[in-house]
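Enquirer: Below are the structure tokens for one structure; questions will follow.
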Amino acid sequence: MDILSYLIPISLLLGGAGLAAFFWALRTRQFDDPDGDAQRILRTDYDDAPKQD
Amino acid sequence: MTEIMRTPLAACPACATGAAVAGTGDGAAEGRLMLSLPGIHCAGCISGVERGLKAVPGVREARVNLTLKRAAVEAAEDVTAADLVAALDRLGFEAHELDPGTISATDSDSTGRELLMRLAVAGFAMMNVMLLSVAVWSGAEDATRDLMHWISAMIALPAVAFSGQPFFRNALTALTARRLNMDVPISVAIVMAAGMSLYETAMSGEHAYFDAALALTFFLLAGRYLDYRTRAAARSAAQELAALEVPRATRLVDGREVVTPIAELSAGDLVRVRPGGRMPVDGVVETGTSEIDRALLTGESLPVFAGEGSTVSAGEVNLTGPLDVRVTARGADTRLHKIADLVALAESARTRYTSLADRAAVAYAPGVHLLALIAFAAWMIWSGDLRVSVNVAIATLIITCPCALGLAVPAVVTAASGRLFRRGVLLKSGTALERLAEVDTVVFDKTGTLTLGQPEMQGAADHARTDLAVAAGLASASAHPLAQALRRAAEAEGVAPAAIAGLREVPGYGVEGRWGDHPVRFGRAAWTGGADGPGTASFLRIGDRDPVRFDFTDALRPGAAEAVAALRAAGCRVMLISGDSAPAVEATAKALGIAIAESGALPKDKVARVQALEAEGHKVLMVGDGLNDTGALAAAHVSISPASALDAARVASDIVLLGRDLDALADCLTTARQARARIKENFTLSALYNVIAVPIALAGLATPLIAALAMSASSITVSLNALRLR
């Protein structure tokens with residue numbers, strides 16, 4: 001069962017990394033307008049005023 | 001009991017936090033305008049709208065949100081939403097003003113984000129602890145089990161401390177105020193489950209409920225987050241009406257114009273109102289002729305002639321010529337202010353609706369805690385073992401967990417409002433759907449609601465093209481609604497306006513000029529020598545020829561007929577109550593097949609009519625848009641206004657239609673009825689789970705595995721049932 005002492009911390013670390021990534025995405029407002037962001041990338045004109053925080 | 005009932009607006013019986021997540025309204029900063037754009041759908045639309053908005057002078061920043069179909073505009077103080085709507089209209093985009101305060105909260109504000117973050121932490125911790133618990137459930141023993149429990153404790157305790165804060169904070173505020181709200185028992189359950197599990201872990205016990213404590217937090221937070229998203233900041237329509245009052249007037253002192261605050265005016269003063277201006281006071285016209293638009297106050301669709309001796313009211317709009325008005329009433333004595341008082345009265349008298357969730361909570365909460373207490377007492381007497389008794393009591397608390405109940409309403413409301421949003425309907429109140437589902441009588445306003453409040457010319461093709469060309473040439477000099485309607489009709493017929501020399505608008509009468517050798521006039525019957533008949537008409541006279549009559553009607557709003565037919569098919573009694581004149585109201589009622597129509601209703605008549613219907617036991621849906629409807633909107637059981645409605649009317653209503661069409665109305669009703677059915681099903685489902693699980697818990701047979709299964713299964717069933725609405 002020694003393997004547990006490696007596996008449990010590793011799984012927690014990986015999960016924690018996912019949680020941190022979610023926090024970052026939330027803080028940088030990446031969930032404000034998912035449809036708009038998907039469409040904006042297809043525009044031909046250059047977005048010279050990208051959304052600021 | 002009464003304390004529980006008093007907790008405001010709880011869509012989740014276990015989460016009646018009330019003020020905890022009240023809207024902060026931080027989007028309402030100065031110079032920030034919100035537009036709703038029901039028609040946009042692609043990258044091209046985003047570019048078009050943003051470029052179009054930035055081209056308007058004074059606009060600093062414009063950003064489209066395609067998901068919410070909205071645009072946020074930062075602009076100089078003097079830029080109004082009407083300017084932006086007009087600019088977008090020219091580009092072919094339909095737009096309506098949205099005031100940031102009435103919009104329900106979105107992910108972009110801090111309170112919602114904070115809740116989401118706590119939810120994420122609780123979810124993450126719950127999944128990890130569940131995985132660790134699998135080892136325990138599958139038979140880990142001794143040191144291994146203790147290790148799993150200790151690791152679970154290390155994850156669960158900080159997570160509960162962080163994620164449970166909204167509940168703890170509310171419970172604390174309630175307790176310090178010596179009140180009891182639903183957060184108190186929730187906090188007790190969470191803290192006791194975590195604390196007892198820690199004790200058990202330290203004693204190398206068999207059962208630890210860390211996963212249950214976390215699952216409880218997670219599901220309740222999920223319900224609260226959904227609830228938060230459908231809640232809008234409450235505002236008073238009466239205050240919005242007060243904002244319509246013009247703060248300053250141009251006063252005439254010895255023939256000179258002096259700009260004076262309204263408060264400094266007194267009866268008998270003379271004020272000048274320019275064309276396009278709003279009347280600052282009630283008064284009598286002393287000099288000048290014009291036409292005034294009183295649609296907002298009375299619902300009359302057409303401008304009214306105003307000459308010497310006519311009475312005018314604050315809030316009316318002066319259209320064509322300058323008027324000097326002798327003040328008879330100002331400030332709190334004006335008709336406008338009296339309407340605002342009426343609205344305030346209707347708002348305060350609006351019977352507080354007890355939501356389905358509140359009713360469920362009242363029945364549910366005391367029962368569960370009594371049950372846990374009885375279980376504890378019975379086991380204490382029977383076994384005499386404190387540890388076992390506390391364990392059974394906690395198992396009962398956890399198994400009867402209100403998570404499914406907490407999700408029952410918010411999940412349904414979220415699914416339903418998502419579906420309605422795609423149909424162009426914005427829900428402003430979480431309980432609007434429940435109330436809408438009970439409706440059996442629908443009262444419509446006419447002008448601006450069933451009709452567009454905009455005249456349209458009839459039979460343009462029947463007129464000689466030269467007549468139309470001359471009329472259009474004259475009409476182009478006037479901003480009068482009939483003149484503009486004629487110009488649009490001529491344009492649609494492909495007739496170019498004729499060149500008219502010496503164009504002159506005679507305020508209150510019409511436009512005159514010279515066409516070749518002939519003097520020409522376009523305007524009122526009396527002025528052009530036409531015969532005034534029933535209906536709305538303008539006349540064109542060329543030289544000495546007989547005047548030509550042009551007929552106008554107020555165009556019906558698209559989808560109005562379908563909406564009325566569908567509402568009747570759904571078993572509702574449909575009524576039309578308007579402030580407009582009898583012929584116009586009857587014509588509209590006939591066109592739409594509405595049997596009950598009342599005309600000439602003053603704002604207070606409308607309120608009285610709606611209140612009378614409510615008193616008879618009917619549940620009234622009021623659909624209206626104007627100042628004159630605001631009181632009735634506030635008095636009705638549930639109310640809907642189109643996006644073009646006045647601010648105050650939109651504030652007073654529970655639901656706003658974002659598009660021009662009315663046909664979404666019927667869909668609203670069907671969705672509301674389905675939603676109510678789903679909510680009731682959800683209550684039944686979660687009750688069913690309790691019926692099965694509670695005896696197990698009372699018998700002391702509940703293990704953490706059974707608790708976890710019951711909790712997750714009931715929450716997921718309830719959410720899936722809600723999703724059937726989409």
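Enquirer: May I ask for the angle, rounded to the nearest 10°, between helix B:110-137 and the longest principal axis of chain B, with both axes built from Cα atoms and the value confined to 0 to 90°?
Expert: Rounded to the nearest ten degrees, it is 30.
Enquirer: Would you order B:Ser715, B:Ser641 from fewest to most other beta-carbon atoms within 10 Å of each residue's own beta-carbon?
Expert: Details: B:Ser715 26, B:Ser641 29.
Listed from fewest to most nearby Cβ atoms, that is B:Ser715, B:Ser641.
Enquirer: Which value results for Rg/Rh of chain B when Rg is the Cα radius of gyration and Rh the Kirkwood radius based on the inverse mean 1/r? Mind showing how you got there, number by number?
Expert: Working: Rg = 31.8 Å, Rh = 29.1 Å.
We get a ratio of 1.09 for chain B.
Enquirer: Right, here's the next one. How large is the convex hull of the Cα atoms of region B:575-726 per residue, expressed in Å³ as a whole number? Walk me through the intermediate numbers first.
Expert: Details: hull volume 24.0 nm³, N = 152.
So the per-residue Cα hull volume is 158 Å³.
Enquirer: On to the next question. Got the relative contact order for region B:32-98 handy, in percent, Cα pairs under 8 Å and 6 or more residues apart? Intermediate results must be reported in sequence, preceding the final value.
Expert: Numbers: 114 pairs, mean separation 30.1, N = 67.
This gives 45 percent for region B:32-98.
Enquirer: Specify the angular offset, from 0 to 90 degrees and rounded to the nearest 10, of the alpha carbon long axis of helix B:664-698 from the longest principal axis of the alpha carbons in chain B.
Expert: 10 degrees
Enquirer: Suppose a student asked you for the relative contact order of region B:246-333, using Cα pairs under 8 Å spaced at least 6 residues apart; what percent would you report?
Expert: Details: 227 pairs, mean separation 32.2, N = 88.
Normalised by residue count, the contact order of region B:246-333 is 37 percent.
Enquirer: For the protein assembly as shown, what does the convex hull of the Cα positions come to per residue, in cubic angstrom?
Expert: In the protein assembly as shown, the Cα hull volume divided by residue count equals 183 Å³.
Enquirer: Any chance you could count the Lys pairs in the protein assembly as shown whose alpha carbons are under 17 Å apart, treating pairs 8 or more apart or on different chains as valid?
Expert: Close lysine pairs under the 17 Å cut-off: 9.
Enquirer: Using a basic spin-label model with each label point 7 Å from the Cα along Cα→Cβ, how many nm lie between B:Ala492 and B:Val506?
Expert: 2.9 nm
Enquirer: As an exercise, use a Förster radius of 51 Å and the Cβ-Cβ distance of B:Ala161 and B:Ala267 to find the FRET efficiency, rounded to the nearest 0.05. Walk me through the numbers before you get to the answer.
Expert: Details: r = 66 Å, r/R0 = 1.29.
Efficiency, from the Cβ-Cβ distance: 0.20.
Enquirer: When the Cα centres of region B:144-180 and region B:503-520 are compared, how far apart do they sit, in Å?
Expert: Region B:144-180 and region B:503-520 have Cα centres spaced 80 Å from each other.
Enquirer: What is the distance in Å between the Cα centres of region B:433-471 and region B:371-432?
Expert: 50 Å
Enquirer: Counting each DSSP H run of 4 or more residues in chain B as -39500 (n - 2.57), what helix-only mean residue ellipticity at 222 nm follows after dividing by all residues, to the nearest 500 deg cm²/dmol? Walk me through the numbers before you get to the answer.
Expert: Numbers: 25 runs with 354 residues, N = 726.
Helix contribution divided over all residues of chain B: -16000 deg cm²/dmol.
Enquirer: What number, in percent, do you get for the relative contact order of chain B if the mean sequence gap of Cα pairs under 8 Å and at least 6 apart is divided by its residue count?
Expert: Once divided by the residue count of chain B, the mean separation gives 15 percent.
Enquirer: Based on the Cβ-Cβ distance from B:Ala526 to B:Asp605, what FRET efficiency comes out when R0 is 41 Å, to the nearest 0.05? Before the final figure, lay out the partial values.
Expert: Numbers: r = 31 Å, r/R0 = 0.76.
E(calc), rounded to 0.05, equals 0.85.
Enquirer: Please give the Cα centre distance for region B:569-612 versus region B:266-334, rounded to the nearest Å.
Expert: 27 Å
Enquirer: Please compute the modelled spin-label separation between A:Leu13 and B:Asp440, points set 7 Å along Cα→Cβ, answer in nm with one decimal.
Expert: In this crude label model, B:Asp440 to A:Leu13 measures out at 6.8 nm.
Enquirer: Can you give me the Rg/Rh ratio for region B:246-333, using Cα atoms for both radii and the Kirkwood formula for Rh?
Expert: On the way: Rg = 11.8 Å, Rh = 12.6 Å.
A ratio of 0.94.
Enquirer: For B:Ala76 paired with B:Arg419, estimate the spin-label separation in nm (one decimal), with each label point 7 Å from Cα along the Cα-to-Cβ line.
Expert: Output for this residue pair reads 4.8 nm.
Values quoted throughout were computed directly from the atomic coordinates according to the rules given, and no laboratory measurement underlies them. These numbers come from a predicted model, not from an experiment. For neighbour counting, all protein chains shown are included, and Cβ atoms are generated from backbone atoms with ideal geometry for every residue, glycine included.
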